[in-house]
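For reference, the structure is listed below as structure tokens.
The values are calculated or read from the model by the stated rules, or taken from the named source; none is laboratory data. What you are looking at is a predicted structure, and each value in this text was computed from that prediction instead of being measured. Positions of Cβ are generated from backbone atoms using ideal geometry, with glycine treated the same way; all protein chains shown enter the neighbour counts. Ligands, DNA and RNA are stripped out before the accessible areas are found, and what is left, the full protein with its side chains, is counted by its heavy atoms. Shrake-Rupley method; radii C 1.70, N 1.55, O 1.52, S 1.80 Å.
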Amino acid sequence: MEMLRINGLHKRFGDKEVLKGLELAVPEHSVFGFVGKNGAGKTTTMKTVLGLMKQDRGEIFVAGEPVCYGQTKTNRHIGYLPDVPEFYPFMTAPEYLSFCAELSGMDRKTARRRSGELLELVGLAGERHRVRGFSRGMKQRLGLAQALLGEPKLLICDEPTSALDPVGRRELLELLLAVREKTTVVFSTHILSDVERICTDVAFLDGGVVTVQGTLQQVKSAFRTDGHMIEPEGEDGVRTLLALFPKMERKEGMTLVFREGDHPVHEVLKAVSERRLPLVRLERLEPSLEDLFMEVVDG
Ligand SMILES: Nc1ncnc2c1ncn2[C@@H]1O[C@H](COP(=O)(O)OP(=O)(O)O)[C@@H](O)[C@H]1O
Ligand SMILES: [Mg+2]
């Protein structure tokens, strides 16, 4: 099932058209990376999904139900972590979570149990300080706990790692991975290595539309280059191969890279086998997600 589906979404601010027919399909149980440069329209898209902003055209479905601007019905399926979560600075983490739980109409006992579990999950269980003194990472983790209070089917996080240091980023990414058993996760980012680290699926937003979308595997293989890397066991092997295949290029150590178009792999393998050259590795070179993104995004 699709947990989120967006059809032909258009949104303009004044004379600036930000979304120009965006299409998105988020499969259930995916960890979905929604990637775009600053100003691409990620936050706009998310606010529209939450019914907080009105689109000019297009339809949105959450867990199969249509989203209507100004109505919150579909939001019962959604947990939302905004890009800059705001808290009452004078509250402690447990006070804040109980407050949110009560606002959502949860009974006291359930609220206490659920808050306890979530504080444990996000590593704030022993935290007695007020939110005022929290680091950005702690605020993001408390925001995540709050977003998960209602056991949402869909968790939407807007650039959850952008303001964090490497340790904070890793902690938050690990939390997103940990919750995917129970909830589909969509997060926006411009950090491609975060996507590569935890996502099952990815979409690139550029020029108001989604230009590339699919599982990480699909996206990578669609853009596969014809590059290969071969590593013979010793210096002799390197010399032999370079003499036979002049377009091979030496990289660090004993590794050589080449393109199928210059030297077909079967010819390289034939030469290796005829000369009985010991090999350590022969691999197809995978482009990184960052390489792909730079290739498909304008300027
Ligand atoms: N309320 C608004 N009024 C006018 N322009 C807006 C508003 N919200 C966003 N924009 C513009 O829309 C574009 C996309 O913004 P946004 O969705 O925040 O991008 P992202 O989250 O990908 O960085 C930006 O150029 C931004 O300036
Ligand atoms: Mg944004």
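Okay, here's what the table says:
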| item | result |
| --- | --- |
| Listed residues 172, 285, 24, most fluctuating in the chain (Gaussian network, C-alpha, under 10 Å) | 285 |
| Charge context of residue 6, other residues only, Cβ under 13 angstrom, K/R +1, D/E -1 | +3 |
| Helix-derived mean residue ellipticity, 222 nm - over the chain, DSSP H n ≥ 4, -39500 (n - 2.57), to 500 | -10000 deg cm²/dmol |
| Anisotropy class of segment 1-79 from Cα gyration tensor, a/c 1.5 cut | oblate |
| Neighbour-limited loop hits for trypsin sites (Lys or Arg not before Pro), segment 262-299 (at most 10 other Cβ within 10 Å; DSSP other than H, G, I, E, B) | 276 |
| Centroid-to-centroid separation of segment 243-294 and segment 123-190 [C-alpha atoms, Å] | 42 Å |
| With at most 15 neighbouring Cβ atoms within 10 Å, loop GluC sites (Glu not before Pro) (DSSP) excluded, longest segment of the chain | 87-180 |
| Cross-link pairs beyond the 18 Å C-alpha cut-off, checked among 16/54; 47/182; 47/73; 11/47 | 47/182 |
| Whole-number percent relative contact order across segment 2-214, with pairs defined as alpha carbons under 8 Å at least 6 apart | 31 percent |
| Residues residue 104 and residue 221, FRET efficiency given R0 of 35 Å [Cβ-Cβ distance, rounded to 0.05] | 0.25 |
| Rg over Rh [alpha-carbon atoms, Kirkwood Rh] for segment 227-290 | 0.95 |
| For segment 123-136, 3J(HN,Hα) per residue [Karplus equation, 6.51 cos²θ - 1.76 cosθ + 1.60, θ = phi - 60°, Hz, x = Gly/Pro] | x, 10, 4, x, 7, 9, 6, 7, 4, 3, x, 6, 6, 4 |
| Other-chain or far-sequence residues with amide H under 5 Å of residue 30's (modelled H) | 185 |
| Magnitude of the charge dipole, segment 2-214, Cβ model with Lys/Arg +1 and Asp/Glu -1, debye to 20 | 520 debye |
| Potential lengthening between residue 28 and residue 269 on full extension [0.36 nm per residue; Cα-Cα distance subtracted] | 82.5 nm |
| Most mobile listed residue (234, 79, 150) in the chain, GNM with C-alpha springs under 10 Å | 234 |
| Accessible area per residue, Å², the chain with all protein chains present, probe 1.4 Å | 51 Å² |
| Sites matching trypsin sites (Lys or Arg not before Pro) across segment 141-224 that sit in DSSP coil, with at most 13 neighbouring C-beta atoms within 10 Å | 182, 224 |
| Estimated distance in nm for a label pair at residue 281 and residue 88, the labels positioned 7 Å out from Cα along Cα-to-Cβ | 5.5 nm |
| Label-point gap, in nm, between residue 121 and residue 68 - each point 7 angstrom along Cα→Cβ | 3.1 nm |
| Most fluctuating residue given options 246, 166, 27, as computed from a GNM of the chain linking Cα atoms under 10 Å | 246 |
| Calculated from backbone phi, Karplus (6.51, -1.76, 1.60) coupling profile of segment 197-208 in Hz, x at Gly/Pro | 6, 10, 7, 8, 9, 8, 9, 9, 9, 7, x, x |
| More than 26 Å apart - percent of Cα-Cα pairs taken over segment 2-214 | 33 percent |
| Stretch in the chain that is longest and holds no chymotrypsin sites (Phe, Trp or Tyr not before Pro) that DSSP places in a loop and that have at most 16 other beta carbons within 10 Å | 91-222 |
